[in-house]
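Peer 1: What follows is a single structure, and I will ask about it in a moment.
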Amino acid sequence: MNKLLKKSLLWPLTAVAAIGFLSMGCSSNGEFGSSSDAAEKVYVAPGEHDEFYGFFSGGYNGQLGVYGLPSGRHIFTIPVFSQAAVNGYGYSEETKAMLQTTDGFVPWGDAHHPELSQTDGETDGRWVFINENNTPRIARIGLDEFKTQEIIEIPNSAGNHASSFVTPNTEYVSAATRFSIPMKEDNLENMDVSIDSYKENFKGTISFIKVSDEGKMNIDFQIMMPGFNYDLSHAGKGPSDGWSFFTSYNSEEAHTMLEINASRNDKDYIAAINWKKAAEYAKEGKGKMIPGKHYRNYIDHEEGGIAKSEVIEEVRVLDPRKLEGIVYFLPTPKSPHGVDVDPTGQYIAAGGKLSTVIPVHSFEKMMTAIENKDFEGEDQGIPVLNYDSILHGEVENPGLGPLHTEFDGKGYAYTTAFISSEIVKWDIEKTEVVDRIDVYYSPGHLMIPGGDSRNPDGKYLVALNKITKDRYLPTGPEMFHSAQLIDISGDKMQLLLDFPTEGEPHYAQGITADKVKKRQKRFYEIDENNHPRAAKSEKATRVERDGNEVHVYMTTIRSHFAPDNIEGIKVGDEVYFHVTNLEQDWDVPHGFAMKGANNAELLIMPGETLTLKWEPKKEGVFPFYCTDFCSALHQEMQGYVRVSPENSDTPISYSTGQ
Amino acid sequence: MNTQILKIAGLIVITVTLLIGCGESSDSEKDSTDSQEEKQELTDFEMRNGIGPVDEEITIDEIDPELAKEGMRIFDMKCGACHKLDSRYVGPPLGGVMNARTPAYVMNMILNPEEMLAKHPVAKSIGSEYPTRMTNQQLTREKARAVVEYLAQESQ
């Protein structure tokens, strides 16, 4: 049956149906010796901690999920690109600016590929970066407080998919446009032209964003690219440090029915980018500055953790047709999706979605070919290397629909096969499959902690499956995506655990828990709270009117608000509650909810100040209360605001405990 | 007096169990349920100066006004939401506290409220009169010392 399928690429649908049918007929547990063996391996006793953190993108929920491994326990969700009612992220006055873009306030995002910061090619536990595909952006999340600290918009991009991948010392985080769009030759401005002028007008860009030691991001340069679709990426390491690799598909430059029209060529390309050379060109002032308005939103720790927006007007663009030696195309079979560099930095594996083999390029051969100008030609001014000259080998029989590869640091690679729902383990030197395991169902990415770094922890592998079907109790038409934990410590892979995930985890990253645990902030020191509207003691609490703006400077502590009786508010006022949590104890946030507010609650961490805006529309007395069960007297933690008619003369007054 | 303390201790045990549930380690639970034993465990020094990081006598002869001023600033920020000087609030009034307790006792109460409320008979007894348990406001030893200077000034 496999043979038959290989003969024609028109069979994948049939294959999905057939394999789905077969899988469902099998034991739903997968393959392992005994349930108790597997249970023991994933059991984390009450009160004990997991060995690894797992950071799973939330896909179309726009957030980042945090899981403990091997238990698979969902321990946190970090709001990133979507408003989060749970704590007021994107609703509170302090966080709104994080979601500002040149398209205005965008309350949602599609988050795909988290990537941990690295030092010397190893994960270091400082930050996680993650891309947003729909409104091209990259976020940086601080692992000291598990908060989004910065979001930068990517101009001249129309779908930021091949992102956010870091270089070995986090010098850069890279981005590339998934969708090409018509761009003017001289300034990359989007054009009002017919869509069928694709070949003539459409272009792509690849961006390199410089990351400072403190984490500040700025776009150092963009490289103008042919109008293909840029899909995934990984940076080189070791001998290939200084290079990054981006898959492209649609070298056919189709603009309609891509499933057919972008699948015609036998080979598309991996774009090999010499980013070190490009960075030198940029430093020398090569290329040119063009208009490229974009937002950089960041948490200002100097000013009370308030998010600020900065608008940057220009960006440097490099043209690889004019600047020699920064881009080469590596021919790669059949619309490659993933591109993954092994821990030694010598080999570059590609997941050709429609390919019957996994091609593995050799970095050394690539360099020799470049040196010898061993080109088979060029495509739109970019040299195309000779496939046979750069090939390390082809992995035969890798399953149907190979997508992504990670590594165990012991000489093996693991590739997901989407259509045949399996993971294949192969020997990197010999390019031979040595083991395979069924997963349920249709894996996209996979993750081994550190599995794309120089030093993987080759103990567990997580398959991030796209289809769930019958794995859990049914929940109507929609189901959480299924992840599966596989033991890769022995010769044979062993399925240990199924666990559900939120949204659609595309990629994930894992890291030894100790690297992150030691950085944890437990509260914010109230004495260092530099929010301009903080009330740092009950004595400082007050209510002030300024025209129709009313500012309430409020404090919370177990179990009361100060002030908790407020009068003199009028219909039509804009009331700002600046709530400072005076607690200094770990895990004692207070919530603040105001009846009739058209946003979300605030969840204020110990020592922090957050602001909720409320525009009362009716007269009467309205309660506010703490939403987070904070103490035995939490139910007593409440207050009242009296709202008088617009033209009344009720004076502002406030009190606590009188 | 002793039986009253025992009764109060019993009440506190119930409150502690209700409030803390399983959150505390089994060690401290054991300690707080066996008041006889723990009373014997407290040394004379601890009875006078409390249990916690301050394990030496602290004496205040003359008030250092600068230190007292810093103490007031910290008191307002970290303590004032629950304690007033002249009247009962969330916690007891502290205007005359230094006339009744040693500086080390007050510092240990600030720096180690969890253990003080669980083990020290005086802290337990006072604590039982208030529905809200004292929280740890993460003061440094230096800051707690400044607060005590301020309270000593106010107790004069």
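The values are calculated or read from the model by the stated rules, or taken from the named source; none is laboratory data. All values reported here derive from a predicted model rather than from experimental measurement. Quick reminder, even Gly has a Cβ in these numbers, built from the backbone with ideal geometry, and neighbours come from all protein chains shown.
Peer 1: How many residues does the range A:457-481 hold that are in contact (Cβ under 8 Å) with a residue 24 or more places away in the chain and either surrounded by 24 or more Cβ atoms within 10 Å (Cβ to Cβ) or acidic (D, E) (or both)? First the steps, then the outcome.
Peer 2: Residues of the range A:457-481 in contact (Cβ under 8 Å) with a residue 24 or more places away in the chain: A:457-472, A:481.
From what is left, the residues that are either surrounded by 24 or more Cβ atoms within 10 Å (Cβ to Cβ) or acidic (D, E) (or both) are A:457, A:460-465, A:470.
Within the range A:457-481, residues that are in contact (Cβ under 8 Å) with a residue 24 or more places away in the chain and either surrounded by 24 or more Cβ atoms within 10 Å (Cβ to Cβ) or acidic (D, E) (or both) number 8.
Peer 1: Consider A:D587 carefully, then state whether it is surrounded by fewer than 20 Cβ atoms within 10 Å (Cβ to Cβ), within 14 Å of chain B (Cβ to nearest Cβ), among the charged types (D, E, K, R) and part of a loop (DSSP other than H, G, I, E, B). Even if it seems obvious, please write down each step before you answer.
Peer 2: Details: surrounded by fewer than 20 Cβ atoms within 10 Å (Cβ to Cβ): yes; within 14 Å of chain B (Cβ to nearest Cβ): yes; among the charged types (D, E, K, R): yes; part of a loop (DSSP other than H, G, I, E, B): yes.
Taking the combined requirement at face value, the residue satisfies it.
Peer 1: Among the numbered conditions (1) part of a loop (DSSP other than H, G, I, E, B); (2) in contact with a Phe, Trp or Tyr (Cβ under 8 Å, 6 or more places away or on another chain); (3) not basic (K, R), tell me where A:W426 comes up short.
Peer 2: Looking at each condition in turn, A:W426 falls short on (1).
Peer 1: Based on what the data block shows, is A:D319 of a type in the set (D, E), within 23 Å of A:P136 (Cβ to Cβ) and surrounded by 14 or more Cβ atoms within 10 Å (Cβ to Cβ)?
Peer 2: Yes, satisfied.
Peer 1: Taking A:A508 and the conditions (1) within 14 Å of chain B (Cβ to nearest Cβ); (2) of a type in the set (G, A, S); (3) surrounded by 22 or more Cβ atoms within 10 Å (Cβ to Cβ), which numbered condition does it fall short on, given that it satisfies the others?
Peer 2: Answer for A:A508: the failing condition is (1).
Peer 1: Could you please find all residues in the range A:592-602 being surrounded by fewer than 22 Cβ atoms within 10 Å (Cβ to Cβ) and either outside any strand (DSSP E or B) or under 28 Å from the mean Cα position of the chain (by Cα) (or both)?
Peer 2: Within the range A:592-602, A:K595, A:G596, A:A597, A:N598, A:N599, A:A600 meet the criteria.
Peer 1: Then there is this: With the requirement that a residue be buried (at least 20 other Cβ atoms within 10 Å of the Cβ) and in a strand (DSSP E or B), what does the range A:159-181 give you?
Peer 2: A:G159, A:N160, A:F165, A:V166, A:Y172, A:V173, A:S174, A:A175, A:A176, A:T177, A:R178, A:I181
Peer 1: Given (1) within 14 Å of chain B (Cβ to nearest Cβ); (2) at pLDDT 95 or above; (3) out of contact with any Gly (no Cβ under 8 Å at 6 or more places or on another chain), identify the lone condition not met by A:I569.
Peer 2: (1)
Condition check ((1) of a type in the set (D, E); (2) under 21 Å from A:Y67 (Cα atoms); (3) in the same structural domain as A:I488 (by TED's automatic domain parsing)) across all residues:
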| residue | (1), (2), (3) |
| --- | --- |
| A:E396 | yes, no, yes |
| A:G399 | no, no, yes |
| A:F407 | no, yes, yes |
| A:A417 | no, no, yes |
| A:E429 | yes, no, yes |
| A:V434 | no, no, yes |
| A:L461 | no, yes, yes |
| A:D470 | yes, no, yes |
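Peer 1: Filter the range A:34-60 for residues that are polar (S, T, N, Q) and either exposed (fewer than 14 other Cβ atoms within 10 Å of the Cβ) or within 17 Å of A:G490 (Cα to Cα) (or both) and give the result. Walk me through how you get there before you give the answer.
Peer 2: First pass over the range A:34-60, keeping only residues polar (S, T, N, Q): A:34-36, A:57.
Correct list: A:S34, A:S35, A:S36.
Peer 1: Among the residues of the range A:50-70, is there at least one that is touching a strand residue (DSSP E or B) at 6+ places or on another chain (Cβ under 7 Å), in a strand (DSSP E or B) and among the charged types (D, E, K, R)?
Peer 2: No, the range A:50-70 contains no residue that is touching a strand residue (DSSP E or B) at 6+ places or on another chain (Cβ under 7 Å), in a strand (DSSP E or B) and among the charged types (D, E, K, R).
Peer 1: Report the residue count in the range A:76-103 for those that are of a type in the set (A, V, I, L, M) and within 17 Å of the chain's Cα centre (by Cα). Before you say what the answer is, go through the steps one by one.
Peer 2: Here is the first cut: in the range A:76-103, the residues of a type in the set (A, V, I, L, M) are A:78, A:80, A:84-86, A:97-99.
So of that shortlist, the ones also within 17 Å of the chain's Cα centre (by Cα) come out as A:78, A:80, A:84, A:98-99.
Of the residues in that region, 5 qualify.
Peer 1: Scanning for something farther than 30 Å from A:G450 by Cα, within 14 Å of chain B (Cβ to nearest Cβ) and acidic (D, E), does the range A:572-580 turn up at least one residue?
Peer 2: Our first condition is that a residue be farther than 30 Å from A:G450 by Cα; within the range A:572-580, this holds for A:572-580.
Retained after the next criterion (residues that are within 14 Å of chain B (Cβ to nearest Cβ)): A:579-580.
After this cut, where a residue has to be acidic (D, E) as well, the list is none.
For the range A:572-580, residues farther than 30 Å from A:G450 by Cα, within 14 Å of chain B (Cβ to nearest Cβ) and acidic (D, E): absent.
Peer 1: Let me ask you something else. Among the numbered criteria (1) away from chain B (no Cβ under 14 Å); (2) surrounded by 21 or more Cβ atoms within 10 Å (Cβ to Cβ); (3) aliphatic (A, V, I, L, M), which single criterion is violated by A:A513?
Peer 2: So A:A513 meets the others, but not (2).
Peer 1: For the range A:605-625, enumerate the residues that are within 14 Å of chain B (Cβ to nearest Cβ) and either among the hydrophobic types (A, V, I, L, M, F, W, C) or at positive phi (or both).
Peer 2: A:M605, A:G607
Peer 1: Can you pull out the residues in the range A:626-658 that are over 20 Å from A:V571 (Cα atoms), touching a residue at least 60 places away in the same chain (Cβ under 8 Å) and away from every other protein chain (no Cβ under 14 Å)?
Peer 2: A:Q638
Peer 1: Right, here's the next one. Does any residue of the range A:190-211 turn out to be exposed (fewer than 14 other Cβ atoms within 10 Å of the Cβ), under 20 Å from A:T135 (Cβ atoms) and either in contact with a Leu (Cβ under 9 Å, 6 or more places away or on another chain) or not aliphatic (A, V, I, L, M) (or both)?
Peer 2: Yes - at least one qualifying residue is present in the range A:190-211.
Peer 1: Would you call A:G104 more than 30 Å from A:V44 (Cβ to Cβ) and surrounded by 23 or more Cβ atoms within 10 Å (Cβ to Cβ)?
Peer 2: Working: more than 30 Å from A:V44 (Cβ to Cβ): yes; surrounded by 23 or more Cβ atoms within 10 Å (Cβ to Cβ): no.
No.
Peer 1: Let me ask you something else. Identify all residues within the range A:107-120 that are crowded, with 21+ Cβ neighbours inside 10 Å and part of a loop (DSSP other than H, G, I, E, B); write none if there are none.
Peer 2: Residues satisfying the conditions are A:G109, A:D110.
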